[in-house]
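Asker: Below: one structure in structure tokens.
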Ligand code: NAD
Ligand code: LMR
């Protein structure tokens, strides 16, 4: 019997959706032997544009794509879903921080969390991309009564990919040789891109780079501010790289990820490393290939790392306080 996975994507007619849907339909998450049904959600005024996306998906004749559902009703889009990619929400513009979107975007994740609890498949996984993704994920998780909290993750994979690329460029090595970069905390400009356990072509990143001032300064700042730099350059927020990262994040859940190169996932904090409990925060994670993750334990954190992590955890705590009325 052939396997079919139902993948719900919200904001499917948006920029990220346009780059993400072909990746999913081509097996980018579940591999070349798993068929997929795309269940696409948009707001009512955008359904006509979504129908255009549907036509284009049909015209691609993807071998793995068996059906396309388009709707403005979350209960239709999330019906029996195995995986929900929550992208649909407003992006920031020039001069804004991601948390400025909380007022407009936060409430979207109340109804979507409830709908997931009501109609999604029994083994559903949820990945939140829409910003501010950590706190939106917390809102969805808290409103999805009955769905285990560990099914919810938010995306910091784009930051992890960015950090790997910057380290590789500096070391003049290919980015595929960079392993074990961690993004701690929030997908925001307080995030802490941590190179202390990273290797580049088998050598400790700090040794390969041999420039601590660059690591603590320009490297961190470039990764923290990359989203803003792209908005300034393109006039729109990242889409191609965001779609690739969403695909990478979801694929990490469904393939085995080990300590040889962990995945940075934003997951529910359990106090490990001194994180305040109950936040959706970036951690180094391994995965079992069945949708389950574990925080990598026992990594040494020096004073610099502890100080930078504390800053981003404080911001997440403040964001949680801002939305306490939305937390179910
Ligand atoms: P976009 O404006 O191009 O598309 C968003 C789409 O979502 C629109 O088509 C809109 O109609 C739809 N939408 C809005 N509210 C919705 C709802 N309630 N239900 C379903 N659909 C809804 O934006 P984009 O560039 O695709 O970005 C989407 C989100 O992803 C933004 O919040 C952006 O900041 C975020 N983002 C996150 C990361 C990350 O690393 N976590 C990276 C890039 C972008
Ligand atoms: C990014 O990191 O590119 C996205 O979160 C979009 C943004 O607002 O920066």
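Asker: Taking 0.36 nm per intervening residue step and subtracting the Cα-Cα distance, what contour gain separates residue 76 from residue 325 on full extension?
Answerer: 87.0 nm
Asker: Here's something else I'd like to know. Which of rounded, prolate or oblate describes region 3-154 when judged by the alpha-carbon gyration tensor and an a/c cut-off of 1.5?
Answerer: Values: a/c = 1.76, a/b = 1.26, b/c = 1.40.
Taking the square roots of the gyration eigenvalues as a ≥ b ≥ c, region 3-154 is oblate.
Asker: Oh, and also: Starting from the Cα gyration tensor of region 157-322, take the square roots of the eigenvalues, sort them a ≥ b ≥ c, and report rounded, prolate or oblate (rounded when a/c is under 1.5, otherwise prolate if a/b is larger than b/c, else oblate). Before the final figure, lay out each step's value.
Answerer: Numbers: a/c = 1.16, a/b = 1.11, b/c = 1.05.
Judged from the Cα gyration tensor, region 157-322 comes out rounded (a/c under 1.5).
Asker: Working from Cα positions, state the angle (0 to 90°, nearest 10) between the long axis of helix 157-171 and the longest principal axis of the chain.
Answerer: That works out to roughly 40 degrees.
Asker: A further question follows. Angle, helix 303-322 long axis vs. longest principal axis of the chain, Cα atoms, 0 to 90°, nearest 10?
Answerer: 30 degrees
Asker: If R0 is 22 Å, what FRET efficiency do you get for residue 34 and residue 174 from their C-beta distance, rounded to 0.05?
Answerer: Once rounded, the FRET efficiency stands at 0.15.
Asker: Among bridges DSSP assigns within the chain, what percent are antiparallel (round to 5)?
Answerer: The antiparallel proportion sits near 50 percent.
Asker: If one computes the Cα centroid of region 174-225 and of region 66-87, what distance in Å separates the two points?
Answerer: 36 Å
Asker: Right, here's the next one. Hey, for a label at residue 58 modelled as a point 7 Å past Cα toward Cβ, could you say which residues of region 8-41 have their backbone N under 15 Å away?
Answerer: Flagged as within label range: 38.
Asker: Moving to a separate point now. Between residue 277 and residue 213, take the C-beta separation as r, use R0 = 30 Å, and let me know the FRET efficiency to the nearest 0.05.
Answerer: E between residue 277 and residue 213, to the nearest 0.05, is 0.30.
Asker: At 222 nm, what value in deg cm²/dmol follows for the chain if DSSP H runs of at least 4 each add -39500 (n - 2.57) and the sum is divided by all its residues, to the nearest 500?
Answerer: Rounded to the nearest 500, it is -11500 deg cm²/dmol.
Asker: Starting from the Cα-Cα distance between residue 260 and residue 43, subtract it from 0.36 nm times their residue separation and give me the gain in nm to one decimal.
Answerer: Here the answer is 74.0 nm.
Asker: Rounded if a/c is under 1.5, else prolate if a/b is larger than b/c, else oblate: which is region 207-271, with a ≥ b ≥ c the root eigenvalues of its Cα gyration tensor?
Answerer: Judged from the Cα gyration tensor, region 207-271 comes out oblate (a/c at least 1.5, b/c at or above a/b).
Asker: Which angle from 0 to 90°, rounded to the nearest 10, does the C-alpha axis of helix 108-119 make with the longest principal axis of the chain?
Answerer: Taking the Cα atoms of the chain, the angle to 108-119 is about 60 degrees.
Asker: Suppose R0 equals 56 Å; then what is the FRET efficiency for residue 66 and residue 306 from their Cβ-Cβ distance, rounded to the nearest 0.05? Walk me through the numbers on the way to the answer.
Answerer: On the way: r = 49 Å, r/R0 = 0.88.
Once the sixth-power term is evaluated, E becomes 0.70.
The numbers here are math on the coordinates, done by the rules we state, and not lab data. The model shown is predicted, which means the values in this text are computed figures rather than measured ones. Don't worry about glycine lacking a Cβ; one is built from the backbone with ideal geometry, like all the others, and counts go over all protein chains shown.
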